[in-house]
Amino acid sequence: MVKNPVLPQIEFRSVTKTYGKITAVRDLSLTVGCGEFLTILGPSGSGKTTTLMLLAGFEAPTAGDILIAGRSVAAVPSYRRDQGIVFQSYALFPHLTVTRNLEFPLEMRGINAAERTTRVRRMLERVHLGDFGGRMPSQLSGGQQQRVALARALIADPPFLLLDEPLGALDRNLREQMQIEMKSLHKEFGTTTVCVTHDQEEALTLSDRIVVMRAGQIEQTDSPEALYDRPATCFVAKFLGEANILENCNFELETDAAQPSGTVAMIRPERICIVAPDAANRGDADRRQSITGTVDDMIYAGPLRKYHVRVGSSVFIVREHVAAGQPIFRPGDGVCLDWLRSDIRFVAA
Amino acid sequence: MKIFQKLGQMPIGLTVPAFAILLIVFGMPIILLFLSSINAPAFSVTNYYKFFSQPANVRVLFQTIEVSVLATGMCLIVGYPTAYLIVTASKRVRLTLIALVIIPYLTSGLARTYAWIVILGDRGVINNLLLHLGVIHSPLPLIYNRTAVYIGMVHIMLPLMILPLVSAMMGIDRSLMAAARSMGARPLAAFWRVFFPLSLPGVRSGSLLVFVFCLGFYITPAALGGLRDAMLSTFIAAQVTSSFEISKIATSAFILLAIAVAVLSMLGLNLAGAQGRAATSAPRSWVVRLPIFAMRKHYFSEFPNRYRAKLWTTQLYQAGGNSRLSNIVGAVFVLIVMVYLLSPGLIVVIMSFSAGTFLEFPPSGVSLQWYRSFFGDPSWNGAAWTSIQIGIAVAILSTVVGTLAAYGLNRTHPRLRGFLTMTILTPVTIPVIVVGIATYLGLVNLGLIGSKTGIVLAQSLGAIGIVVVIVSATLANLDRTLEQAAKSMRAGPLQTFLRVTLPLIRPGVIGGAVFAFLHSFDEVVITSLVSGYSIRTLPLKMWENIRNQIDPTIAAVASLLMLVPVLWLIVLYLMWWRARPRDHHTLSELAT
Ligand SMILES: Nc1ncnc2c1ncn2[C@@H]1O[C@H](COP(=O)(O)OP(=O)(O)O)[C@@H](O)[C@H]1O
Ligand SMILES: [Mg+2]
């Protein structure tokens, strides 16, 4: 299929949406580039779905404006916008077969029957559901339904695609498989995609950029790597992966740079090494810091070992890949934790 | 400007046809009625004073309340244990019993009243049998007294009590009883402390339904009672035909309405308020008031689930212990209730095949003579044809108007929705005689008394309410994202409605149409007031026959009337059952 040559750009300008006294989205400004895969990530109730519904035209902003390709779409009803949506519940029409479901968006665009049949067949092949055209949605498994929903959203080649928790209803294995599939579909169609999820793994795997939302506001927007490696706030650091916040510690934190005011120091669990007390400090002592503590708890997690280490009154989380020859510590063991000073991050409290 | 645009798009506009009919045929006349009862513009309570100063009126008023309260009480005493036993029975038995309660509910009240005349009359089944056996030498006075009124009324209203009770009881979370038991509550304690309080909403809606129905439906007391057993509604109806003195009629009607409203607000609103969700629960509690509908969901959802934890739930429900004796007592009780509910209809059907020159039970020979007489006599088959025509017109009008209104209401703000739904349902929630009087006045003003158009409009008032309830409940179960999905694929509002919404709510729409038709086909009270003696529907012709000379043909008519709803029930059942998309799944699972 041919990529759409001029993909529109989506722009939110200070959009606010209130439901009575509840402010679901507050002063949100955001630009989605052409062909980009953008994920909106946030805990439940943070306003993700509302943002998506605003973009889809099912809700009108209370204040602010939404522009697509530079034109305000406030007055454009959803059925005149060119978009594909995958709903959280898939919203497959239960009274129509898979084929009729896929034909629906084509019919609405006035495409003739012959062309529809070809495109549906091709699309079903593409999502590995060639033999399922005659089934009713209720006769499909969750993963198959998900693929039909995705196919239906993409079949009319819309310039942008909206996904609301697209993989939320699938089990873990299926989810990974679908992530790969979605990524390849995105590459193939090049559709500008806005995806909403509360699943950090999904966000990190799929996205070009991630918007982290909290209580109706954007907390940080960045690439997955940057977001994980340099979180701007404590909330982002904790929401995306695990974080040790170094506050009220019983030792002096050694840092390369001075700590800006209003921030706290943070280090990721996998950046900390755990060693026996006598094996501490490996040469470059001037670039590292070591402290001692006691193992509280140890959890096996397949290829990982997760330790809870008590240092004074605070507990550190340490994550270590299991490797040959590595000592295993038991609860009660005294250990030494050490890390590179450059791995310390300052995040807004 | 923007507000104007918004208003134009508001789906509330779809309720306009329904409210227009309601207002013109019922709303304005009832206000006029009220004004004339207080002698507007003089505004005095003279009419009410006059009413209460006549001892005869006061006696009838008290009698009305007494009969209604006692009938409701008897229904509850018989209905609660019946409902409980139905709910605790095994699934197969439960479904059968529910069907056996629904059948009489759908059957013409007039036909069932007639059945009691046939059974209790001086030459009726019981007297004939006793005479034949030589137990008595002259007929016992079984009919035309208060006892006969109660027997008939409880018989007619019992399904109205049982169905909401069963619905409420089936909604009780099964694990709660287990929890109570696990905390050491003995079976009886678990019943009184957990099950009974949770079943109270069903008690409430069943009692309301029966009580208000008793207030307005004068047919049964008039047919089975003596002259001294007149109800206020009988009085009102008689006044319309004898001397149309509007202020007097209005006064009686509003006194009746006041009793109904007092009871409604006492039982209805207080309890809803106590549950702390008055605004949202109001429409739902009205839904319960049309019990057949409330039942549907449970009834039909049982099929896909029938294999799920059958024994477990049944045992947990056995709150009253499980001894063999109590099981036998329960079974006998249910059996008696079912015989009471069903045998009158059955007897009439059997008698309708009598070969002799009058009806006998048991018939000495089988013949179709009464059916021939029904189909051959133009006054009977003409009436049937009129009823069918009117019924179809009512079904079409109220289905279209009611579906639009339900759709519009579904898209309106919940608080407004509750209020508007209650307003649309007024004609089915207040005593029917009051609706009849108001409608009579409304049609007089429109010059439509004695016309088919007038009857269709009058019957549509209630039918629209029924359609709104059924379609609303179907819409409430509709996943709104399906419509959003259609819109995201460039389907406009009309296309979305026709291609997605309508196919998905079709079972509700068809169900609404069927019930609208049945409502029209059975209606006597309002129709008799507005027909102006120039139009005979089948129920009118029957009613006239019951009161004057009893032509045995009526047995054939009554049998047919009992058959029609059973056929409808089968049609609906097949449709609803097949309409559930999940069942494709279940069926294919069962097949493999
Ligand atoms: N239609 C609505 N009416 C009232 N409040 C709503 C509505 N939709 C969402 N909200 C509120 O707005 C907030 C954000 O909701 P939502 O966008 O659904 O969050 P998320 O999808 O991130 O879980 C929540 O507090 C929710 O209760
Ligand atoms: Mg959401």
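Some notes on this structure:
- Summed buried accessible surface, chains B and A, 1.4 Å probe, nearest 100 Å²: 2200
- Taking every residue in A:97-104 and counting other chain Cβ atoms within 10 Å of its Cβ, the average works out to 1.
- Inter-centroid distance (Cα atoms) of region B:165-185 relative to region B:465-517, Å: 34
- Altogether, the Stokes-Einstein calculation at 10 °C and 1.306 mPa s, with the Kirkwood radius of chain B over Cα pairs as Rh, returns a diffusion coefficient of 62 µm²/s.
- Accessible solvent surface per residue of chain A, calculated while the other protein chains remain in place, 1.4 angstrom probe, Å²: 45
- Region A:86-117 and region A:4-55 have Cα centres separated by 26 Å.
- Mean-position separation - Cα centroids, region B:7-85 and region B:327-389, in angstrom: 34
- Share of alpha-carbon pairs per 10 Å distance bin for region A:4-238, given as whole %: 8, 32, 36, 20, 5, 0
- Viscosity 0.692 mPa s, temperature 37 °C, Stokes-Einstein D of the protein assembly as shown from Kirkwood C-alpha radius, µm²/s: 99
- Semi-axis lengths, largest first, of the ellipsoid equivalent to region B:38-139 are 39, 27, 14 Å, with √(5λ) applied to each eigenvalue of the Cα gyration tensor.
- Chain B: relative contact order in percent, alpha carbon pairs under 8 Å with at least 6 residues between: 22
- Of all beta bridges that DSSP places with both ends in the protein assembly as shown, some 75 percent have antiparallel geometry.
- Near the amide H of A:ARG288, within less than 5 Å, lie the amide hydrogens of A:ARG341, all on another chain or at least 5 residues away, with H placed in the peptide plane.
- Of the residues A:TYR19, A:TYR307, A:TYR228, the one that moves most in a GNM of chain A with alpha-carbon contacts below 10 Å is A:TYR19.
- For chain A, size of Cβ-based charge dipole, Lys and Arg +1, Asp and Glu -1, in debye: 1100
- Potential extension, A:ILE111-A:SER14 segment - 0.36 nm per residue separation minus Cα distance: 31.2 nm
- When its C-alpha radius of gyration is set against 2.2 N^0.38 Å (N residues), region A:1-127 gives a value of 1.23.
- Annotation: B:MET489 carries an accessible surface of approximately 10 Å², with a 1.4 Å probe and no ligand, DNA or RNA atoms counted.
- Residues losing 40 Å² or more accessible surface upon assembly, region A:55-92, compared with the chain by itself, 1.4 Å: A:PHE58, A:TYR79, A:PHE87
- The solvent-accessible area of B:ILE77, taken with every protein chain present and a 1.4 Å probe, is close to 130 Å².
- Approximate shape of region A:290-329 as ellipsoid semi-axes (Cα gyration tensor, √5λ), whole Å, largest first: 20, 11, 8
- Gain in span if fully extended, B:MET575 to B:ASP173, counting 0.36 nm per residue against the direct Cα distance: 141.9 nm
- Burial here means at least 10 square angstrom less accessible surface with every protein chain in place than with the chain by itself, probed at 1.4 Å; in region B:494-522 the buried residues are B:GLN495, B:ARG499, B:VAL500, B:PRO503, B:LEU504.
- With all protein chains in place and a 1.4 Å probe, the accessible surface of region A:4-238 carries 48 percent carbon and sulfur.
- Residue of A:GLN177, A:GLN83, A:GLN217 that the Gaussian network model of chain A assigns the largest fluctuation, springs spanning Cα pairs under 10 Å: A:GLN177
- Bins of 5 Å from zero: percent of alpha-carbon pairs in region A:146-286: 2, 7, 15, 16, 15, 12, 10, 7, 7, 5, 3, 1, 0, 0
- Heavy-atom accessible area order for B:TRP543, B:TRP192, largest first, 1.4 Å probe: B:TRP192, B:TRP543
- 222 nm mean residue ellipticity, helices alone, for chain A (DSSP H n ≥ 4; -39,500 (n - 2.57); rounded to 500): -7000 deg cm²/dmol
- Long pairs among A:LYS48/A:LYS306; B:LYS248/B:LYS541; A:LYS21/A:LYS48, criterion Cα-Cα beyond 23 Å: A:LYS48/A:LYS306; B:LYS248/B:LYS541
- Solution diffusion estimate, µm²/s, Stokes-Einstein, region B:381-490, Kirkwood Rh from C-alpha pairs, 25 °C, viscosity 0.890 mPa s: 157
- Put simply, when A:93-99, B:229-235 are sorted by average Cβ atoms within 10 angstrom per residue, most first, you get B:229-235, A:93-99.
- Protein heavy-atom accessible surface, 1.4 Å probe, per residue over chain B: 44 Å².
- Put A:CYS34, A:CYS336 in order of accessible area, highest first, and with a 1.4 Å probe you get A:CYS34, A:CYS336.
- Label zone at B:ARG228 (point 7 Å along Cα-to-Cβ), backbone N below 17 Å, region B:135-163: B:141-150
- Accessible area in the full protein assembly, largest first, 1.4 Å probe, for A:HIS186, B:HIS132, A:HIS198, B:HIS155: B:HIS132, A:HIS198, A:HIS186, B:HIS155
- Chain A: relative contact order in percent, alpha carbon pairs under 8 Å with at least 6 residues between: 17
The values are calculated or read from the model by the stated rules, or taken from the named source; none is laboratory data. On a predicted model such as this, the values are computed, not experimentally measured, just so you know. All Cβ positions, even for glycine, are placed from backbone atoms using ideal geometry, and neighbour counts span all protein chains on display. For accessibility, only protein heavy atoms count, side chains too; no ligands or nucleic acids. Shrake-Rupley method; radii C 1.70, N 1.55, O 1.52, S 1.80 Å.
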